[in-house]
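Here, each number is a calculation from the coordinates, and none is a lab measurement. All values derive from a computational prediction rather than experimental measurement. Glycine gets a Cβ as well: all are built from the backbone with ideal geometry, and neighbour counts include every protein chain shown.
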């Protein structure tokens, strides 16, 4: 029995699994080939209450908490990690809008978000820096009742598909670093915005690309948080998304292990099932053990969030360990299938999909720095 998942959460998970099995899984490989994210499927998820269920009812959610969102994330991700990105972006951006946006601006977007009618991106990374996220160059200048944006964001998930983005830009001096950054909700239909799409190795249905801003005028009331404090205030929400990412990639590893165990038990060699050979069964047992432990860590981080307790270190542990572990486990599962795993198919696609999370949303090195600061104090780990 899992100590973090009660009967109600288990029932939510079962409902999400049925939906993922029936509606998400059948298009898994086709979406990778065509790079098309079906908006109709997103709306179905919204109708089922699977998008940002942790938001309060006044924001279009169900007030179910972070653990409920995590349980749903797992089930969608085991069917298609790219589709589960819809849940991830909605939970991250939904929290940001609900906590830092003006109600008259944020509420319509939150309702569209939870209904599956809008996709929001998070636009932080720039060509000059990814890990050094506070060293932003996109310029945001106040002109009357508007902010004017000039610059570029890159490696943005859903860049060419999103309806709006939470954009971080510099309103202060470069020397002010994180304390001179402001966050804005920017609709993508504003004049002066262009975007492109990369040809990525994995996560191809959701995609990544660049956003270009040329004299883009954004109303001042679209600011999220205080001017010059957007990075410090809004980035706190990333602790939440890091734990969700851990559950996403571990779900991919878990379904891969299930399939590898079943295959190894059925496949005969030298008159015995492959599971009789420790060279096959022990690596799978190792993976099962570590995946179970990492999953508990992710659930613990979400439990801490639901309790209003600090969870930055735990979330950072989830973010650096789970993507690496998931990649290693899926790789081992692929090898267990031999040439059948190496063929174009679910296993090799999963391997490509989980790899991206070792890069995006915070590298392992940055996550370990977060952990070190939590344990030793920021003054002891200044950089």
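Explain nothing, just the number: relative contact order of the chain, from Cα pairs under 8 Å at least 6 residues apart, as a whole percent.
Relative contact order of the chain: 16 percent.
Extension gain for residue 375-residue 99 works out to 96.6 nm (0.36 nm per residue, less the C-alpha to C-alpha distance).
Rounded, prolate or oblate, given the Cα gyration tensor of the stretch 141-183, with a/c below 1.5 counting as rounded? Oblate, since a/c reaches 1.5 and b/c is not below a/b.
Annotation: for a label point projected 7 angstrom from Cα along Cα→Cβ of residue 343, residues of the stretch 17-39 with backbone N closer than 18 Å are 28-30, 33. Annotation: the chain has a Kirkwood hydrodynamic radius of 21.3 angstrom, from the mean reciprocal C-alpha pair distance. With 0.36 nm allotted per residue and the present C-alpha distance subtracted, the residue 309-residue 150 stretch has 53.4 nm of extension available. Potential lengthening of the chain between residue 179 and residue 232 amounts to 18.4 nm, from the contour at 0.36 nm per residue minus the alpha-carbon distance.
Taken along the Cα-to-beta-carbon direction at a fixed 7 Å, the label points for residue 201 and residue 38 span 2.9 nm. The overall shape of the stretch 121-228 is oblate: from the C-alpha gyration tensor, with semi-axes ordered a ≥ b ≥ c, the ratio a/c is 1.5 or greater and a/b is no larger than b/c. Computed over the alpha carbons of the stretch 160-218, Rg followed by Dmax gives 13.7, 38 Å.
Per the Debye formula on identical point scatterers at the alpha carbon atoms of the stretch 235-380, with no solvent, log10 I(q)/I(0) at q = 0.12, 0.15, 0.20 Å⁻¹ is -0.54, -0.75, -1.09.
Distance between the 7 Å Cα→Cβ label points at residue 365 and residue 115: 4.5 nm. Considering only 164, 56, 118, the Gaussian network model of the chain with Cα springs below 10 Å gives its largest mean-square fluctuation to 56.
Decide, for the stretch 336-383, between rounded, prolate and oblate: order the square roots of the alpha carbon gyration tensor eigenvalues as a ≥ b ≥ c, take rounded if a/c falls under 1.5, and otherwise choose prolate if a/b is larger than b/c, else oblate. Here the stretch 336-383 falls in the prolate category. Using the Cβ-Cβ distance between residue 142 and residue 270 with R0 set to 51 Å, the FRET efficiency from 1/(1 + (r/R0)^6) comes to roughly 0.10.
In the elastic network of the chain, a GNM with C-alpha springs shorter than 10 Å, the most mobile of 37, 190, 113 is 190. With q set to 0.15, 0.18 Å⁻¹, the log10 of I(q)/I(0) for the stretch 1-154, from the Debye formula over equal scatterers at the Cα positions, is -0.88, -1.11.
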